[in-house]
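The values are calculated or read from the model by the stated rules, or taken from the named source; none is laboratory data. Keep in mind the model is a prediction, meaning the values are calculated, not measured. Cβ: placed from backbone, ideal geometry, glycine included. Neighbour counts: every protein chain shown.
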Amino acid sequence: MTAIVGLVHQGAVHIGGDSAGVGPGWSSSVRADAKVFRAGPYLMGFTDSFRMGQLLRYALDAPRPPTGTDRLERHMATTFVDAVRACLDKGGWLSRDRGREEGGSFLVGVSGRLFQVWGDFQVAQPADGYAAVGCGQDIALGALYATAGQPPGRRIRTALEAAAHFSAGVRGPFVHLHQRAVSR
């Protein structure tokens, strides 16, 4: 459950998320531990499990991104994902099925770029400059599309509010963080 949204605007990455904690039988609570946070040079927002988010936030030995942006995509798909896999495995969150490893979905902002990591550890960079994960993903994506040209804070808030309005697994309060690209 959740809605995590991210976008790139004028060299900064913005990621926002809701605060819903959904348990067995669709019980719901508001969590004080945010789904959006900074981990070293990375800005992250997660869905799937608070345990996975806790591992990413507190146990990930976040590798330093490369200085050249032309190497960033390779870094994210290899070095970064390998560190995430090791972190989740050590923390007991990684699952294996027929030789494949599975984790969870989350957004990552680094060096002014937005990436989406899927449960099978593929790394995507959205061509539209925005992405969303969680049960409110489709609703949030529609809102991000419809608000093109508006300030990033308003787009994030509108996407999260739309997801909360139409999805039982999304609720406020909302957290929105941003990070400028570091000049090197």
Among the listed residues A168, A127, identify the single one that is over 21 Å from V30 (Cβ atoms) and in a loop (DSSP other than H, G, I, E, B).
A127
Restricting attention to the stretch 15-45, and to residues there that are aliphatic (A, V, I, L, M) and touching a strand residue (DSSP E or B) at 6+ places or on another chain (Cβ under 8 Å), which single residue is nearest to P152 (Cα to Cα)?
I15
When only residues in the stretch 9-38 that are among the hydrophobic types (A, V, I, L, M, F, W, C) and crowded, with 21+ Cβ neighbours inside 10 Å count, which is nearest to Q54 (Cα to Cα)?
V36
Qualifying positions in the stretch 55-67 - surrounded by fewer than 16 Cβ atoms within 10 Å (Cβ to Cβ) and either part of a helix (DSSP H, G or I) or touching a residue at least 40 places away in the same chain (Cβ under 8 Å) (or both):
Y58, T67
With the checklist (1) of a type outside the set (F, W, Y); (2) touching a Lys or Arg at 6+ places or on another chain (Cβ under 6 Å); (3) at pLDDT below 95 in hand, flag the one item T147 doesn't pass.
(3)
Return the residue satisfying two criteria in turn: it lies in the stretch 33-51 and is at pLDDT 90 or above and assigned to a loop (DSSP other than H, G, I, E, B), and of such residues it is nearest to A3 (Cα to Cα).
T47
Whichever residue in the stretch 89-126 is surrounded by fewer than 14 Cβ atoms within 10 Å (Cβ to Cβ) and more than 16 Å from the chain's Cα centre (by Cα) and, among such residues, is modelled with the lowest pLDDT
G99
For V133, state whether it is surrounded by 14 or more Cβ atoms within 10 Å (Cβ to Cβ) and closer than 19 Å to S49 by Cβ.
yes
